[in-house]
Amino acid sequence: MTQALIVIDVQNDFCPGGALAVPGGDDIVPGINALMDDFDAVVLTQDWHPIDHSSFASQHAGKAPLEMIDMAYGPQVLWPDHCVQGSEGAAFHAGLNTDRADQVLRKGFRRTIDSYSAFFENDQTTPTGLEGYLRTRGIEKLTLVGLATDFCVNFSAVDAAKLGFDVTVRTDLCRAIDLDGSLAAAMAGMQDAGVRIG
Ligand code: VGL
Ligand code: ZN
């Protein structure tokens with residue numbers, strides 16, 4: 001079976017010192033690099049927001065980061081400004097082996113829709129194009145690693161399983177934000193969706 005490694009959002013803003021730092025986010029970089037040689041394809045995803053993105057608390061008067069808001073497509077967590085297009089925070093962690101990547105998939109670039117998943121934006125209908133890329137390359141099996149376990153890795157893994165890919169999440173090569181039980185909910189949701197936890 002043709003296999004791809006999907007590396008989710010290993011960017012400066014999700015690593016210690018970044019705007020939306022995930023605890024231990026940079027610890028996983030050497031292990032991810034070491035895994036790349038085992039795959040037919042390597043895809044990196046990059047959270048890539050316009051400076052006035054609607055997921056930023058700064059765009060909503062009286063709202064603070066980590067509060068919730070109702071968007072046209074449903075509830076949305078508000079985040080600190082992060083991964084602004086072209087910024088140092090949006091760049092990949094300097095230790096990540098980006099040379100090995102066949103494809104870089106940017107997501108979250110529409111001002112009014114966030115995109116946790118690498119497959120569909122948060123309205124759960126707008127495709128990012130990644131499914132087509134993987135299918136036209138004949139890829140059937142995916143291993144996901146990266147940041148954050150309970151948001152972008154989780155939504156990407158569940159969507160990939162729903163699309164019929166054979167999906168494994170290597171939780172040892174992921175790190176979580178863990179907001180109000182979001183990690184436990186994500187683990188349960190991934191298992192329900194048929195995602196293998198490796
Ligand atoms: C992510 C929150 C906001 C992630 C991206 O990569 O998990 N989380 N944007
Ligand atoms: Zn984001």
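Bear in mind that the values in this text are calculations on the coordinates, not laboratory data. Everything numeric here is computed off the predicted structure, so don't read it as measured data. Positions of Cβ are generated from backbone atoms using ideal geometry, with glycine treated the same way; all protein chains shown enter the neighbour counts.
Values as computed for the structure displayed
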{"item": "Test: residue in the stretch 43-59 that is within 14 Å of the chain's Cα centre (by Cα), closer than 17 Å to L179 by Cα and not hydrophobic (A, V, I, L, M, F, W, C)", "result": "no"}
{"item": "Residues (surrounded by fewer than 13 Cβ atoms within 10 Å (Cβ to Cβ), part of a loop (DSSP other than H, G, I, E, B) and on the phi > 0 side of the Ramachandran plot) located in the stretch 42-83", "result": "G62"}
{"item": "I139 being more than 16 Å from ligand 1 (Cβ to nearest atom) and surrounded by 15 or more Cβ atoms within 10 Å (Cβ to Cβ)", "result": "yes"}
{"item": "Residue among T125, T112, T98 that alone is away from ligand 2 (no atom under 13 Å from the Cβ) and closer than 17 Å to V7 by Cα", "result": "T98"}
{"item": "Wholly within the stretch 93-198, strands (runs of 3 or more DSSP E) carrying at least 1 residues that are of a type in the set (K, R) and within 24 Å of V77 (Cβ to Cβ)", "result": "103-107, 166-175"}
{"item": "Single residue of D38, D102 found to be of a type in the set (D, E), surrounded by fewer than 16 Cβ atoms within 10 Å (Cβ to Cβ), without any contact (Cβ under 8 Å) to a residue 60 or more places away in the chain and out of contact with any helix residue (DSSP H, G or I) (no Cβ under 6 Å at 6 or more places or on another chain)", "result": "D38"}
